[in-house]
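The values are calculated or read from the model by the stated rules, or taken from the named source; none is laboratory data. Source: prediction; values computed, not measured. As a convention, Cβ positions derive from the backbone with ideal geometry for all residues, glycine included, and neighbour counts pool all protein chains shown. Just the protein is used for accessible areas: all its heavy atoms, side chains included, with ligands, DNA and RNA removed. Shrake-Rupley method; radii C 1.70, N 1.55, O 1.52, S 1.80 Å.
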Amino acid sequence: MIKHSLMEMKSSASRLIFLRSDLLRRLCTTASAPMEAAETAAPSVAGGPVTPKTTTPAEKRLIRRLSAIGASGGKVKVADVLHLYIREGNVVRKGELLNCLKVLRKYRRYHHCFEILEWMEKGRINYSARDYALRLDIISKLKGLAEAEKYFDSLSPDAKNLYTYGALLNCYCKENMADKAVALFEEMEKLNFCSPLSYNNLIVLFLKVGQPERVPPLIQVMKERNLALSSHSYNFLMQSYAAMNDLEGVERVAEELQKDNKKCDWTLYSNLAHIYIKFGLFGKAESALGQMEEILEKSDYCDRLSYHFLISLYSKVGNKVAVARVWDSLKSRFPICHNISYLCLLQALHKLDDIGGLTKYYEEWKASYKHHDPRLANVVIGAYLKHNMATEAELLLKDSSMSAGPQYFKQNSMFITYFLDKGDIHAALRHMEAAIVKVNIDQKWLPEPEQIDAFFKYFEEQKDVDGAEHFCTMLKKVSCLNSKVYLSLLQIYAAAGKTATGLRKRMEEYGVEISSEHENLLEKVCPK
């Protein structure tokens, strides 16, 4: 029997977590996306503000035409579409172009975003200082940081302003380049270009690279310079104290923020609850979650995400009743429940080991969804396997595969791990074969390294050369034959006391790097 605890190793990694990383991302919206702010604030040709939320019929037509460029395979350029649009008697306004750019950027069509900015810069439409910053941001996404730095260096002195400096700082922070970010920040301070956004960018960077001790001094500088601290800034400060295991510091910041009604929102209590859970203080965490729930009930505006956090955090403290209550509140406020809301609920119920609830709400989702999302089935399958309900999991796999399409092979990987952990090598191989059959030329799937190791360990223990060779044939179909795989195969031949005269040639033909360890085994398995 294989005694690898593969299910335990993978169960936490397979779940989508709505907590710290998502909370940080939520709080970092302002700090991590300065170019979006610049884009929104950029002046139109007439000098007025751009309003991205307003979409005119002409703008919709232009967005559709620009969005369709991708289907041309690079044969049609943005300039071609814009020239034709103008020849048809239309006027291209800067606000409309920036709105189109925002849509394309959302779907990571950075090449087309760059072409729009290039078209603008050539004199057809007024190019503002903020537009240079936006172009720098797009270049970093499209061509990399080195090219963004070159572009920044090429700018005129007038174009090197707080926006372009801020864009470059944001690039450094996103790439976790602390030394360059700090050096640029210090230069910005000398030029008086630092804003609260610049500080928040640097603060987020320090949290990401594991330097929380650098956050409180930055916040103190902001206070001394009378720079406005947002709720994000306070939340970052709380996270820095939590990372330093300073709970008193966390609570001190929370008390300070609670005194400011304008800045005290649900994120404070979500963040506080997460920190208390980290410290094992579930009672305090529930108290914070109660205050968060109260804020959401009284708020005229809140989004689904706030409820998602609340559901996830209540599951962390084991409060099944509260999870059900918040779910009812979410459905009351948002009668149309999206896939992501059901996903959050199912993950919470998985955490609570509520198999009955999982099955109930999965069936409820199945009866109402507009677009199938296989992640929901994954959560339920994972829960069934955790409770050794393999038959139910297999039935759900079959049902889900019919809806997700024949190419959805990732669910089989969950079964491979489960059956390997149970020592059922034949069932694990069956699911391996099923996953490989689903992989087509446009997709890539590889078994987990731990799964491959477990298969080979079994074959070695059983001295099963034929089984190992068949397994290698399967791995070849997904281009997974490498030096380590052949080393394992050689070890199995050696353990079985068998020879394979053509193995060396196979390795050479496949381009496998032969190490001294391979060579020692080849002398036994493949004698010259």
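Can you give me the Cα centroid spacing of the range 101-178 and the range 467-494 in angstrom?
What the calculation gives is 47 Å, centre to centre.
Tell me the carbon and sulfur percent of the accessible area for the range 272-408, rounded to whole percent, probe radius 1.4 Å.
54
Using unit Cβ charges (K, R positive; D, E negative) and no other charged atoms, how large, in debye to the nearest 20, is the dipole of the chain about its Cα centre?
1440
Return the sequence-ordered ³J(HN,Hα) values of the range 423-434 in whole Hz as given by the Karplus equation 6.51 cos²θ - 1.76 cosθ + 1.60 applied to θ = phi - 60°, using x for Gly and Pro.
x, 8, 5, 5, 5, 5, 5, 4, 6, 5, 4, 5
Percent relative contact order of the chain, based on C-alpha pairs within less than 8 angstrom and at least six residues apart?
11
For Gly423, list long-range residues whose amide hydrogen, built 1.01 Å from N in the peptide plane, is under 5 Å from its own amide hydrogen.
Under 5 Å from the amide H of Gly423 lie the amide H atoms of Ile2, each far enough along the sequence or on another chain.
Per residue Cα convex hull volume for the range 77-163, in cubic angstrom?
Here the figure is 96 Å³ per residue.
In whole percent, how big is the carbon plus sulfur part of the accessible area of the range 69-225, probe 1.4 Å, protein atoms only?
Summing carbon and sulfur atoms, their accessible area is 50 percent of the total for the range 69-225.
Short version: ³J(HN,Hα) in whole Hz for each residue of the range 350-359, in order, from phi by Karplus 6.51 cos²θ - 1.76 cosθ + 1.60 (θ = phi - 60°), x for Gly and Pro, what are they?
Each residue of the range 350-359 in turn: 4, 4, 8, 6, 9, 5, x, x, 4, 4 Hz.
To the nearest 10 degrees, how steeply does helix 266-278 sit against the main Cα axis of the chain, on a 0 to 90 scale?
Roughly 40 degrees between the two axes.
Just need the relative contact order of the range 432-497 here, percent rounded to a whole number, with Cα pairs under 8 Å and 6+ apart.
40
Give me the dipole magnitude in Debye, nearest 20, for the range 150-300 about the Cα centre, with unit charges on the beta carbon: positive for Lys and Arg, negative for Asp and Glu.
For the range 150-300, the charge dipole is close to 340 debye.
So if I take the alpha carbon set of the range 394-513, get Rg, then get Rh from the Kirkwood formula, what is the Rg over Rh ratio?
Using only Cα positions, Rg/Rh for the range 394-513 is 1.00.
Here are some values of Cα extents along the principal axes in Å: [x] 81, 58, 48; [y] 71, 55, 49; [z] 61, 59, 54. Which one was computed from this structure?
Calculated Cα extents along the principal axes in Å: the matching label is [x].
Rounded to the nearest 20 debye, what is the charge dipole size of the range 261-401 about its Cα centre when +1 sits on each Lys and Arg Cβ and -1 on each Asp and Glu Cβ?
Dipole about the Cα centre, nearest 20: 300 debye.
So what is the 222 nm mean residue ellipticity for the chain from helices alone, if each DSSP H run of at least 4 adds -39500 (n - 2.57) and you divide by all residues, rounding to the nearest 500 deg cm²/dmol?
-21500 deg cm²/dmol
Using Cα pairs closer than 8 Å and at least 6 residues apart in sequence, work out the relative contact order for the range 157-220, in percent.
The normalised contact order for the range 157-220 reaches 33 percent.
By how many degrees, between 0 and 90 and to the nearest 10, does the Cα long axis of helix 247-258 differ from the longest principal axis of the chain?
40
Tell me the per residue accessible area of the chain using a 1.4 Å probe; a whole number in Å² is fine.
49
Pick out, from Ala254, Tyr307, Ser287, the residue whose Cα sits farthest towards the positive end of the charge dipole of the range 245-335, with +1 on the Cβ of Lys and Arg and -1 on the Cβ of Asp and Glu.
The residue sitting most towards the positive pole is Tyr307.
Does anyone have the angle between helix 320-333 and the longest principal axis of the chain? Alpha-carbon axes, 0 to 90°, nearest 10?
50
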